[in-house]
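The next block holds one structure in the form of structure tokens; read it before the comments.
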Amino acid sequence: QQQVKQSPQSLIVQKGGIPIINCAYENTAFDYFPWYQQFPGKGPALLIAIRPDVSEKKEGRFTISFNKSAKQFSLHIMDSQPGDSATYFCAATLGDYKLSFGAGTTVTVRA
Amino acid sequence: GAGVSQSPSNKVTEKGKDVELRCDPISGHTALYWYRQSLGQGLEFLIYFQGNSAPDKSGLPSDRFSAERTGGSVSTLTIQRTQQEDSAVYLCASSLGQWPGYTFGSGTRLTVV
């Protein structure tokens, strides 16, 4: 049973567009929500993370929005570039070492 | 080394054979993790090693899977009597202490034919 549900499975945007990836969770005990970026042939790399007491976090062109009451969070990529084309995973943890991952979203940014 | 190193990068094996996958963590990292990434699915936790403590094996999908970590460094994931459903990318990660902050290797792509 997947504890974190991610959508869409894939999306295509034009350069400069804002891809949005959504995730939902059930376990209210989750207390840390990281996002990972994965390029083909590489392992996932931590991109940005948020705790549930914060509604929004920005790092460069990447923004996480967090809605604790709805148990949902999302990643926005502002002014997307072709180099942002990758697979993005949301995840959640109970504050220990086990991460529960979403199924991933493949983002393609066309030049 | 500079990063987490996994070998081989690709492995094709016949159904029923045993395979060993190797992980060299970042030097000095005490925690080591194995995850499995199946096509179209997220990463699935398999096992966690922390120093000399007993490993958390709760994610291993069957008794055909086992892992060890020798000398607190290199780890080997062994899959016995491989099945086609074992085909996946097996990712290793390491960290200095506990989460957060672990670094993934590039993985071993296992194909069982």
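Here is a yes/no grid of residues against (1) closer than 16 Å to B:G107 by Cα; (2) open to solvent by 20 Å² or more (accessible area, probe 1.4 Å); (3) β-branched (V, I, T):
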site: B:Q6; (1), (2), (3): yes, yes, no
site: B:D18; (1), (2), (3): no, yes, no
site: B:R22; (1), (2), (3): yes, yes, no
site: B:P25; (1), (2), (3): yes, no, no
site: B:W34; (1), (2), (3): yes, no, no
site: B:G42; (1), (2), (3): yes, no, no
site: B:Q50; (1), (2), (3): no, yes, no
site: B:D56; (1), (2), (3): no, yes, no
site: B:S62; (1), (2), (3): no, yes, no
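Kindly provide the set of residues from the stretch A:5-30 that are modelled with pLDDT of 95 or more, open to solvent by less than 60 Å² (accessible area, probe 1.4 Å) and within 13 Å of A:Q72 (Cα to Cα), ordered by number.
Once the filter is applied, which keeps residues that are modelled with pLDDT of 95 or more, open to solvent by less than 60 Å² (accessible area, probe 1.4 Å) and within 13 Å of A:Q72 (Cα to Cα), the stretch A:5-30 yields A:Q6, A:S7, A:I21, A:C23, A:A24, A:Y25.
Conditions first: (1) of a type in the set (S, T, N, Q); (2) in contact with an Asp or Glu (Cβ under 9 Å, 6 or more places away or on another chain); (3) more than 14 Å from chain B (Cβ to nearest Cβ). A:Q14 passes all but one, so which condition is the exception?
Looking at each condition in turn, A:Q14 falls short on (2).
Return yes or no: is A:P52 in contact with a strand residue (DSSP E or B) (Cβ under 7 Å, 6 or more places away or on another chain), more than 10 Å from chain B (Cβ to nearest Cβ) and surrounded by 14 or more Cβ atoms within 10 Å (Cβ to Cβ)?
Against the criterion (in contact with a strand residue (DSSP E or B) (Cβ under 7 Å, 6 or more places away or on another chain), more than 10 Å from chain B (Cβ to nearest Cβ) and surrounded by 14 or more Cβ atoms within 10 Å (Cβ to Cβ)), A:P52 qualifies.
Which condition breaks for A:I48 when tested against (1) hydrophobic (A, V, I, L, M, F, W, C); (2) assigned to a loop (DSSP other than H, G, I, E, B); (3) in contact with a Pro (Cβ under 9 Å, 6 or more places away or on another chain)?
(2)
Are any residues in the stretch A:31-44 closer than 16 Å to A:G102 by Cβ and either open to solvent by 20 Å² or more (accessible area, probe 1.4 Å) or in a strand (DSSP E or B) (or both), and if so, which ones?
Correct list: A:Y32, A:F33, A:P34, A:W35, A:Y36, A:Q37, A:Q38.
The values are calculated or read from the model by the stated rules, or taken from the named source; none is laboratory data. All of these numbers come straight from a predicted model, not from anything done at the bench. Glycine gets a Cβ as well: all are built from the backbone with ideal geometry, and neighbour counts include every protein chain shown. Accessible surface is based on the protein model in full, side chains and every heavy atom, while ligands, DNA and RNA are left aside. Shrake-Rupley method; radii C 1.70, N 1.55, O 1.52, S 1.80 Å.
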